[in-house]
Amino acid sequence: MASQPRKRWLDAATANESLPAKRTRLARTDPQPGPLRRSARLESQQAAAGIEDPVRIAPSVPPHGPQIEAGVASELLASKGAGLTRANTQQHKPPKVGEQEQVSPATQSHIGGGDDDEHQLKRAPLTRKNLAQFNKMARKKGTNTPVPVPKSTVQSLTANTTSTRTTSATTSGFAIKTYRNGMLPSIISKPPTNYNEIRERQAGSRETPPATELAYNALVDRIVKAPNEATMVFEVAPKLLKEYDGKGYQRALNQPFTGFPEDVGFNNGLSAPQPDFVEGLEMHGFDPFPVEEDVDGAVLYKDNPFSVTLPHLAGEWKGRGKDMDEAELQARYDGAALVYARNKALAYLGKSDPPGHAAVTTFTTNGTILNFYAHYAAEAEDKTLKYHQYPISSINLVESLEAHNEGRRRLRNEQDHAFKQSCALRDELKEHWKRHRDDIHPTVEGPPLPLPGGTSRATNVDEDEAGHGVVELPTPATFSQPPKGSSSVSSSKPFPSAQDHVPRTKPPKRKASSPSAPLRESTRLKNK
């Protein structure tokens, strides 16, 4: 029977306490209340003797432990009953007058700091008064206002987003983008006009001896055992390719074209071409012609005076048994880049290749199959530029010694042809630049230009109505070429037109003195 007064007495004793985060558990936390430890008689004896129950003693020290911020106070109260004990979830009333608990000065400054402390972190015991104060400050601060993002951060995010928009040759969607950009697959490309010439050139004989049976068997053994693409390139390339030592003609392996312009049509939205093999002249070999400035796409690698420049041959390698269709797609992109640069160089010279003429070659190989493709650009019926990739020949390098030597001969013949094409184009560019550089005329210096009537501009003297001599002062002009026809205009334009003619009465004139001027003036005074 004493359990009911006991329970009400505990609630009244704890109602005046503030809710600390942690405190000593005095009430039972069991979901099922147990028997009371004290009888009603013992309690009445303690009350008569003036002994206070320790349960009724309010804490005299400020609470410790983690505090709750204003932004989450309301949410915590709403969910306070989930998973907590009865002692920790008991809701309390504000302390009565005279029973206010002791609060540290730091806590008081957080509660009543005012506007000066708005930017500081607000922490206080979770009471209704403090909760109201916290909510008031939160509304005053306007926590829903979006935080402004620095401009540098926005630019950085934009740059990162832009850099990820391109599609590389090994990702999904590359084939569709190349087609939409005008690069045609070999199956729908048209044969070049010099198709027969290319085949005859590849099949031409060479002075160098072919590979021996022993060398062929050793190479086939390396091809079959090559575990990956890098090993294939290392083992096969020296046996197939020709070396051009000391001629300013170098190769680059698996390097992206960092100096190639972006979004010029065929490469819109695509990453830079990166063939496994490309071979061409070095940039410094074009001196004094500034090829990197005057020919767009000629120099493949930026900030490198030894960069491969205006190449005409590129290749793609694959490991044994790998996808040769992917190699063909990558070679299509490589060939289009080389065609673009060659056409820009020819445009600088004021000419172009014959329609349908292929001057660029690519090859693909996995060590077993060697394929050749011819590349050129032509205008389609809808007036758009299409880049064609047409297959020329295909050789099985491991079928027999004769087949291996034929593939080796074809590849080296294409190397020689590309070398000749590059050297011829380089010489034309240098000669064209020197010729036009010498055509620049110096400033014309000499006697005044003759005017109609056989007089020079400095001696052309007119007389006004009063008979006074009027001399027009000439304006010096600089000509890059002699003017066509004669002109009597004294403006500063080197080649005046009829519309530029200015009447004589408008420009300022200077009256020239003549020997008879004083005599004429005295005659006028006498007549008056």
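The values are calculated or read from the model by the stated rules, or taken from the named source; none is laboratory data. Just so you know, these numbers come straight off a predicted model, no measurement behind them. Because the Cβ atoms are built from the backbone with ideal geometry, glycine has one as well, and the counts that use them run over all protein chains shown.
Odds and ends about this structure:
- Flag if G285 is touching a residue at least 24 places away in the same chain (Cβ under 8 Å), assigned to a helix (DSSP H, G or I) and over 16 Å from H375 (Cβ atoms): yes
- The single residue among K322, K386, K344 that is out of contact with any Pro (no Cβ under 9 Å at 6 or more places or on another chain), assigned to a strand (DSSP E or B) and more than 19 Å from I198 (Cα to Cα) turns out to be K386.
- For segment 288-326, the set of residues classified as among the aliphatic types (A, V, I, L, M) and touching a residue at least 60 places away in the same chain (Cβ under 8 Å) consists of V291, V295, L310, L313, listed by residue number.
- For P256, the requirement of being of a type outside the set (S, T, N, Q), within 20 Å of F363 (Cβ to Cβ), touching a His at 6+ places or on another chain (Cβ under 9 Å) and in a loop (DSSP other than H, G, I, E, B) is not met.
- Residue in segment 209-231 that is surrounded by fewer than 19 Cβ atoms within 10 Å (Cβ to Cβ), outside any helix (DSSP H, G or I) and free of Cβ contacts under 8 Å to residues at least 40 places away in the same chain present: yes
- Filter result (within 21 Å of G321 (Cα to Cα) and outside any loop (DSSP other than H, G, I, E, B)) within segment 389-410: P391, S393, S394, I395, N396, L401, A403, H404, G407, R408
Matching residues to (1) of a type in the set (D, E); (2) under 21 Å from R426 (Cα atoms); (3) modelled with pLDDT of 95 or more:
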site	(1), (2), (3)
F234	no, no, no
K247	no, yes, no
Q250	no, yes, no
F260	no, yes, yes
P273	no, no, yes
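- Y348 being over 24 Å from the mean Cα position of the chain (by Cα), buried (at least 16 other Cβ atoms within 10 Å of the Cβ) and modelled with pLDDT of 95 or more: yes
- For segment 298-308, the criterion of a residue being over 28 Å from the mean Cα position of the chain (by Cα), not hydrophobic (A, V, I, L, M, F, W, C) and not in a helix (DSSP H, G or I) is satisfied by no position.
- Among the conditions (1) touching a Phe, Trp or Tyr at 6+ places or on another chain (Cβ under 6 Å); (2) surrounded by 21 or more Cβ atoms within 10 Å (Cβ to Cβ); (3) under 27 Å from Y376 (Cβ atoms), L313 misses just one, which is (1).
- Within segment 360-396, the only residue that satisfies the criterion of being more than 28 Å from E229 (Cβ to Cβ), surrounded by 23 or more Cβ atoms within 10 Å (Cβ to Cβ) and out of contact with any Ser or Thr (no Cβ under 9 Å at 6 or more places or on another chain) is A377.
- Selection from segment 259-282 of residues that are among the hydrophobic types (A, V, I, L, M, F, W, C) and assigned to a loop (DSSP other than H, G, I, E, B): F260, V264, F266, A272
- Count of segment 189-208 residues which are under 41 Å from the mean Cα position of the chain (by Cα) and assigned to a loop (DSSP other than H, G, I, E, B): 6
- Pair list, Cβ < 8 Å and 6+ apart or interchain, from segment 422-450 residues that are surrounded by 11 or more Cβ atoms within 10 Å (Cβ to Cβ) to residues that are basic (K, R) and at pLDDT 85 or above: L425/R342
- Candidates L329, L338, L310 - the one that is hydrophobic (A, V, I, L, M, F, W, C), modelled with pLDDT of 95 or more and over 23 Å from T193 (Cβ atoms): L329
- Total residues in segment 347-379 satisfying the condition of being over 21 Å from N267 (Cβ atoms) and part of a helix (DSSP H, G or I): the figure is 1.
- Residue count for segment 259-275, restricted to those that are more than 14 Å from V339 (Cα to Cα) and within 15 Å of the chain's Cα centre (by Cα): 8
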